[in-house]
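Reading through the structure tokens given below for one structure.
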Ligand SMILES: Nc1nc2c(ncn2[C@@H]2O[C@H](COP(=O)(O)OP(=O)(O)OP(=O)(O)O)[C@@H](O)[C@H]2O)c(=O)[nH]1
Ligand SMILES: [Mg+2]
């Protein structure tokens, strides 16, 4: 069963001119390189190899636009924080993300993907600050929870809740074990279905 049976890849954008028209609603997935963004999208949509996944961090360097239906989209943002890239590359990413966040009236919410073993890092906080100016909900997936013991997972979630405070929701997630899928889908649906700002 796919939640969005009509879901399809639209395009990859390397610059703002290549963004799809800013209509309808979209939810963006952000996170460090290798955090598990593409895997989370695949798991949530119940589609294998839909958003590409990679064992090489930093491979997805473009903004990938996926249509869920005629008016709703999922956005796979390029990962950040991967050390072994040139300064030019990092500057390019920063510009691309900056352009994206400033351009998109259709952006209805952000899903921040964080490796549960690492927790929130400086660069995640920067992303959250950026996203807070959006005025839409932010939901954090603490992913790869399958790599944690039950006790570690409980602690990671408690720490996340405490650090993020009441404005941001957070959950444990595992694409591999399909843990937390329903909770993630509920947040995604709520973001996509909320009324557009008038
Ligand atoms: N054990 C485990 N591994 C995962 C999980 N999610 C992703 N991975 C692995 O982590 C690696 C990176 O996953 P991706 O989904 O490609 O990560 P990404 O955030 O899209 O990475 P970039 O596109 O490079 O920024 C891959 O080897 C995945 O198989 C998970 O829930 N559990
Ligand atoms: Mg990816």
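The values are calculated or read from the model by the stated rules, or taken from the named source; none is laboratory data. Here the structure is a predicted model, which is why all the values come from computation and not from measurement. Neighbour counts are summed over all protein chains in view; Cβ atoms, including those assigned to glycine, are modelled from backbone coordinates with ideal geometry.
Test residue 158 against the criterion of being farther than 15 Å from residue 37 by Cβ, buried (at least 16 other Cβ atoms within 10 Å of the Cβ), free of Cβ contacts under 8 Å to residues at least 60 places away in the same chain and more than 14 Å from the chain's Cα centre (by Cα), and give yes or no. Answer is no for this residue. When region 27-39 is filtered for residues that are more than 15 Å from residue 81 (Cβ to Cβ) and out of contact with any helix residue (DSSP H, G or I) (no Cβ under 8 Å at 6 or more places or on another chain), the ones remaining, listed by number, are 38, 39.
Quick one: in region 43-55, of everything that is out of contact with any strand residue (DSSP E or B) (no Cβ under 6 Å at 6 or more places or on another chain) and near ligand 2 (Cβ under 10 Å from one of its atoms), which residue is farthest from residue 144 (Cα to Cα)? Talk me through it step by step, then tell me what you get.
First, the residues of region 43-55 that are out of contact with any strand residue (DSSP E or B) (no Cβ under 6 Å at 6 or more places or on another chain): 43-50, 52-55.
Narrowing the set further to residues that are near ligand 2 (Cβ under 10 Å from one of its atoms) leaves 52-54.
On the way: 52: 17, 53: 14, 54: 15 Å.
Filtering first and then ranking leaves 52.
Residues checked against (1) closer than 23 Å to residue 72 by Cα; (2) part of a helix (DSSP H, G or I):
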| residue | (1), (2) |
| --- | --- |
| 131 | yes, yes |
| 146 | no, yes |
| 155 | no, yes |
| 159 | no, yes |
| 176 | no, no |
| 192 | yes, yes |
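Does residue 76 satisfy being touching a helix residue (DSSP H, G or I) at 6+ places or on another chain (Cβ under 8 Å) and surrounded by 22 or more Cβ atoms within 10 Å (Cβ to Cβ)? Spelling it out, residue 76 is indeed touching a helix residue (DSSP H, G or I) at 6+ places or on another chain (Cβ under 8 Å) and surrounded by 22 or more Cβ atoms within 10 Å (Cβ to Cβ).
With respect to the conditions (1) over 13 Å from residue 114 (Cβ atoms); (2) within 16 Å of the chain's Cα centre (by Cα), residue 176 lacks only one, and its number is (2).
Restricting to region 146-174, name every residue that is within 16 Å of ligand 1 (Cβ to nearest atom), closer than 26 Å to residue 130 by Cα and touching a helix residue (DSSP H, G or I) at 6+ places or on another chain (Cβ under 9 Å). Break it down stepwise before answering.
Start the filter on region 146-174 by keeping residues that are within 16 Å of ligand 1 (Cβ to nearest atom), which leaves 146-150, 152-153, 156-157, 160, 170-174.
Cutting the leftovers down to closer than 26 Å to residue 130 by Cα gives us 156-157, 160, 170-174.
Correct list: 156, 157, 170, 171, 172, 173, 174.
Matching residues to (1) at pLDDT below 90; (2) under 16 Å from the mean Cα position of the chain (by Cα):
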{"position": "80", "(1), (2)": "yes, yes"}
{"position": "86", "(1), (2)": "yes, no"}
{"position": "129", "(1), (2)": "yes, yes"}
{"position": "140", "(1), (2)": "no, yes"}
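Name the single residue that is surrounded by the most Cβ atoms within 10 Å (Cβ to Cβ) among those in region 161-174 being touching a residue at least 12 places away in the same chain (Cβ under 8 Å), assigned to a loop (DSSP other than H, G, I, E, B) and more than 16 Å from ligand 2 (Cβ to nearest atom). Filtering region 161-174 for residues that are touching a residue at least 12 places away in the same chain (Cβ under 8 Å), assigned to a loop (DSSP other than H, G, I, E, B) and more than 16 Å from ligand 2 (Cβ to nearest atom), the one surrounded by the most Cβ atoms within 10 Å (Cβ to Cβ) comes out as 168.
Among the residues of region 22-42, those identified as within 13 Å of ligand 2 (Cβ to nearest atom), touching a strand residue (DSSP E or B) at 6+ places or on another chain (Cβ under 9 Å) and either at pLDDT 95 or above or under 18 Å from residue 171 (Cβ atoms) (or both) are 28, 29, 30, 31, 32, 35, 36, 37, 39, 40, 41.
Do we find a residue being in contact with a helix residue (DSSP H, G or I) (Cβ under 8 Å, 6 or more places away or on another chain), in a loop (DSSP other than H, G, I, E, B), crowded, with 18+ Cβ neighbours inside 10 Å and touching a residue at least 24 places away in the same chain (Cβ under 8 Å) anywhere in region 97-118? Scanning region 97-118, I find at least one residue that is in contact with a helix residue (DSSP H, G or I) (Cβ under 8 Å, 6 or more places away or on another chain), in a loop (DSSP other than H, G, I, E, B), crowded, with 18+ Cβ neighbours inside 10 Å and touching a residue at least 24 places away in the same chain (Cβ under 8 Å), so the answer is yes.
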